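The values are calculated or read from the model by the stated rules, or taken from the named source; none is laboratory data. Since the model is a prediction, treat every value here as computed from it, not as a measurement. Cβ coordinates were reconstructed from backbone atoms using ideal geometry, including for glycine residues, and neighbour counts include every protein chain displayed.
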Amino acid sequence: MNLELKLNEMAEKLYGKTIAACTDAELYHSLLQFTKKQMAEKPVIEGKKKVYYVSMEFLIGKLLSCNLINLGLYEEVRAVLEKNGKTLAEIEEAEPEPSLGNGGLGRLAACFLDSIATLGLPGDGIGLNYHFGLFRQVFKKRMQKEVPNPWMEDDSWLIKSERKYSVSLGKYNVVSIMYDILVTGYNNRTNVLHLFDINSVDEKIVDKGIDFDKKDIQKNLTLFLYPDDSDEDGRLLRVYQQYFMVSNAAQLILDEAEERGSNFHDLADYVAIQINDTHPSMVIPELIRLLMQKGIELDEAIEITTNTCAYTNHTILAEALEKWPLAFIEKVAPQIVPIIHELDLCVKDKYDDESVYIIDEDDRVHMAHMDIHYGHSVNGVAYLHTEILKNNELNAFYKIYPEKFNNKTNGITFRRWLLHCNPRLVELLEKCIGDGFKKDAMELKKLLAYENDEAVLERLLEIKKKNKHQLAKYLKETQGIKLNEDSIFDIQIKRLHEYKRQQLNALYAIHKYLEIKSGKIPNRPITLIFGAKAAPAYVIAKDIIHLILCLQKLIHKDKDVKPYLNLVMVENYNVTLAEKLIPACDISEQISLASKEASGTGNMKFMLNGAVTLGTYDGANIEIVERAGEENNYIFGARVEDIRKIQNSYNPKSLYENDAKIRRCLDALVDGTLSDNNTGIFEELYNSLLKGASWHKADNYYLLLDFEPFLNEKLKLNLDYKDKYAFAEKCFRNTCAAGYFSSDRTIEEYCNDIWKITKEG
């Protein structure tokens, strides 16, 4: 194929121009059409048995470059564009990022689809086609504000399908539209992400910010991911969305199984359904209902469904393990309520333990309980998380079904998180060990032969410096943020939640600010970089963002401090920003309270790109330091067993009274050092740590307990950074050990242990 000729033909067809004469936006759409055509010509991955990954979100990111990489065309396209005076990076700026996900849950789903296709497994994703997704974050008066995030264009990756399904939503009967996004594996064939929508959705009903009439289901059903659930209408809308998704999913799954030869009695030989968290849980009663419509008796329909469905638990947080009032389901999907009752009765007939019932005494339906009883597999997403599920949070279920419980440590796709976002590092790796790691990530171990090679370490340092420059240039151009490229880049980017403890890092920033003001200058300038969105109704999370933004202003305006300490919070953190931030990072902040982070995947992305982990003994951090060496990372803070010992006696006020550093940092919130524009926010944050709040006890996430160990580990890390080669060696060892955390490995384990699917490619 003469690529230059093909691209010119596409540009001529669309715009009557050569590629050299096209704008970046015109070139993006020309490349979009060219790439879609190449993907469509790839054969679909086929097989008797197929997995369906059902998820409320898929944080897929921009697709152009990653699709070109997987097609094996990236380097050739880049060369053709450069010959014509164009750069792929600038063209990508014209691509809107699909607004279909929020955080780690959605990003994991996207990585898994890539790996399923790369491994040649028949497997599709199923979700919803959100018009505005989560929201676009803007900062006004140092506060997070939410505005719609439209991303759909007439010319996009979405392909309208001919499939339509009727779904009964209480008093509404709607007809779905299915849109497809092709998912091509690396040097392999193609699967599909199916996204369901309805024609009646009306974007114009969104008024101020992201406010809209939550009762108008026919107009709002697929507008937003995770609509505000602070009121009953919002919670009901979430149930409408979930049932709409799973009803379409179940109908599609049964249709495709029948097309492949299933008689439905043998459905488990043709289908594996992975329930990603509790959002898709209603697929269980819905599938049973549809099987019964096809003439299968209840007991057999239950058995078939159980053998087909598997559940991934992503959290031990009670608020994330959904419990919907039965009355909500009666309103949204009365057709499945008798089945849920039957499922619950079966459990109650067998067990006297109320903690395992599906419907509790308050008439709430426990989605996770239904998943565990009527799925054949329950997996955690990191070793510690799975052990906590087995021994503590889900112990009652583990005693009943020990054979169902298993661990599948999360992973990331190296195609996006290395090949795409860090080409300079890829070039170095190829020179050292060849290109086998692109297909088999475990080949990164071969790099250990170069761990003491000063020339390789020097090149690693050069790459980091160039990546820092690239990030600084991008943030200056897009957000007006200035970075000191010679400073330590200390980065915390993740969804804003109290358990992730961005507030602990903010307290460190206060501590460092006060230290510098007193004349104690760090040996190397430090840049703290935050990126996070808070859920619209999560007030204290938004308050923490306000704190960080106020700190940013304070430090930026202080001429005594600014040369040595900088703090920035990027606006509207998303996949595109992550792809720029991660390759430039020195220190990866993974500081969740021990036991609360199920796994994490950001920690894996940073590790792969040569950053050290500063973290607690939590989630996948444990497995990272096991493989890369604790000596090459920085672990601090209380462990799970420590927290359990003190949880009933913990007194943060005593720490405040007896530790001058803690006292000075907390006092800075309320003594005028920091201004919160008379909102009272900082006093609330202060009180939440020392007095508690209506929704939790004082210092519920043990920030003050871990404060001193956190400071000490930061100090140690900053001192270690002085020896550039020794620090580079730590970073290098992390990259060497990152192969285990490929999502290809994770999917292999799902395939072998849960789905039992034969590879076709």
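Scanning segment 697-712 turns up no residue that is more than 30 Å from the chain's Cα centre (by Cα) and of a type outside the set (D, E, K, R). Segment 656-752 holds helices (runs of 4 or more DSSP H) entirely within its bounds, and those carrying 2 or more residues that are polar (S, T, N, Q) map to 681-690, 703-720, 724-736, 743-750.
Number of residues in segment 121-150 that are touching a residue at least 24 places away in the same chain (Cβ under 8 Å) and either within 25 Å of Ile681 (Cα to Cα) or aliphatic (A, V, I, L, M) (or both): the value is 16.
Selection within segment 282-295: residues that are touching a residue at least 12 places away in the same chain (Cβ under 8 Å) and assigned to a loop (DSSP other than H, G, I, E, B). The member of this set that is surrounded by the most Cβ atoms within 10 Å (Cβ to Cβ) is Met282. Pairs linking a residue in segment 361-381 that is under 15 Å from Asn395 (Cα atoms) to a residue that is of a type in the set (Phe, Trp, Tyr) and part of a helix (DSSP H, G or I), with Cβ atoms under 6 Å and 6 or more positions apart or on different chains, are Ile372/Phe397.
If you go through segment 1-24 and pick out every residue that is of a type in the set (Gly, Ala, Ser), part of a loop (DSSP other than H, G, I, E, B) and either crowded, with 16+ Cβ neighbours inside 10 Å or in contact (Cβ under 8 Å) with a residue 24 or more places away in the chain (or both), you end up with 1. Checked against the criterion of being in contact with a Gly (Cβ under 9 Å, 6 or more places away or on another chain), in the same structural domain as Asn734 (by TED's automatic domain parsing) and either modelled with pLDDT under 95 or of a type in the set (Gly, Ala, Ser) (or both), segment 441-449 contains one or more residues that satisfy it. If you check Asp558, Asp543 for being crowded, with 19+ Cβ neighbours inside 10 Å, in contact (Cβ under 8 Å) with a residue 24 or more places away in the chain, among the acidic types (Asp, Glu) and assigned by TED's automatic domain parsing to the domain that holds Lys605, only one passes: Asp543.
Residues are listed down the side, and each one gets a yes or a no for (1) over 26 Å from the mean Cα position of the chain (by Cα); (2) within 30 Å of Asn307 (Cα to Cα); (3) not β-branched (Val, Ile, Thr):
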position: Gly209; (1), (2), (3): no, no, yes
position: Thr222; (1), (2), (3): no, no, no
position: Tyr243; (1), (2), (3): no, yes, yes
position: Glu256; (1), (2), (3): yes, yes, yes
position: Gly261; (1), (2), (3): yes, yes, yes
position: Leu267; (1), (2), (3): yes, yes, yes
position: Asp277; (1), (2), (3): no, yes, yes
position: Ser281; (1), (2), (3): no, yes, yes
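Go over the candidates Lys171, Lys214, Lys208 one by one and state the one that is without any contact (Cβ under 8 Å) to a residue 40 or more places away in the chain and in contact with a helix residue (DSSP H, G or I) (Cβ under 6 Å, 6 or more places away or on another chain). After applying the criteria, what remains is Lys214. Any residue at all in segment 259-281 that's aliphatic (A, V, I, L, M), in contact (Cβ under 8 Å) with a residue 12 or more places away in the chain and touching a Pro at 6+ places or on another chain (Cβ under 7 Å)? No: zero hits. Scanning segment 155-168 for residues that are farther than 30 Å from Leu31 by Cα and touching a residue at least 40 places away in the same chain (Cβ under 8 Å) turns up Tyr165, Val167, Ser168. The residues listed here are Ala598, Ala638; of these, the one that is crowded, with 24+ Cβ neighbours inside 10 Å, assigned by TED's automatic domain parsing to the domain that holds Ser518 and at pLDDT 95 or above is Ala598.
Scanning segment 133-156 for residues that are surrounded by fewer than 22 Cβ atoms within 10 Å (Cβ to Cβ) and in a loop (DSSP other than H, G, I, E, B) returns Lys141, Arg142, Pro148, Pro150, Trp151, Met152, Glu153, Asp154, Asp155, Ser156. If you go through segment 266-278 and keep only what is touching an Asp or Glu at 6+ places or on another chain (Cβ under 7 Å) and assigned to a loop (DSSP other than H, G, I, E, B), you end up with just Thr278. Here is the figure for segment 499-531: residues that are touching a residue at least 40 places away in the same chain (Cβ under 8 Å) and either outside the structural domain of Ala584 (by TED's automatic domain parsing) or farther than 27 Å from Lys697 by Cβ (or both) total 15. The set of residues in segment 592-637 that are among the aliphatic types (A, V, I, L, M) and closer than 16 Å to Ala382 by Cβ comprises Leu593, Ala594, Ala598, Met604, Met607, Ala620, Ile622, Ile624, Val625, Ala628, Ile635. Counted as qualifying within segment 25-124 are the helices (runs of 4 or more DSSP H) with 2 or more residues that are among the polar types (S, T, N, Q) and either modelled with pLDDT under 95 or crowded, with 20+ Cβ neighbours inside 10 Å (or both), namely 64-71, 104-118. Of the residues contained in segment 481-498, one or more are found to be outside the structural domain of Asp229 (by TED's automatic domain parsing), assigned to a helix (DSSP H, G or I) and farther than 18 Å from Glu571 by Cα. Yes or no: Leu298 surrounded by fewer than 24 Cβ atoms within 10 Å (Cβ to Cβ), of a type outside the set (D, E, K, R) and more than 21 Å from Lys164 (Cα to Cα)? Yes.
Checked against the criteria, Ile622 counts as touching a Leu at 6+ places or on another chain (Cβ under 6 Å), under 26 Å from Tyr740 (Cβ atoms), at pLDDT 95 or above and not aromatic (Phe, Trp, Tyr). Test Lys533 against the criterion of being surrounded by 21 or more Cβ atoms within 10 Å (Cβ to Cβ), part of a helix (DSSP H, G or I) and of a type in the set (D, E, K, R), and give yes or no. The answer is no for Lys533. Taking the listed residues Phe264, Phe244, the one that is more than 30 Å from Val206 (Cβ to Cβ) and assigned by TED's automatic domain parsing to the domain that holds Leu169 is Phe264, with no other qualifying. Are any of the residues in segment 564-573 of a type in the set (S, T, N, Q), surrounded by fewer than 24 Cβ atoms within 10 Å (Cβ to Cβ), touching a residue at least 12 places away in the same chain (Cβ under 8 Å) and part of a loop (DSSP other than H, G, I, E, B)? The answer is yes; a qualifying residue exists. The residue list Leu471, Leu457 contains one member that is touching an Asp or Glu at 6+ places or on another chain (Cβ under 9 Å), assigned to a helix (DSSP H, G or I), in the same structural domain as Ala620 (by TED's automatic domain parsing) and surrounded by 23 or more Cβ atoms within 10 Å (Cβ to Cβ), which is Leu471.
Residues considered: Asn734, Asn718. Of these, the only one that is in contact with a strand residue (DSSP E or B) (Cβ under 9 Å, 6 or more places away or on another chain) and farther than 24 Å from Phe414 by Cα is Asn718.
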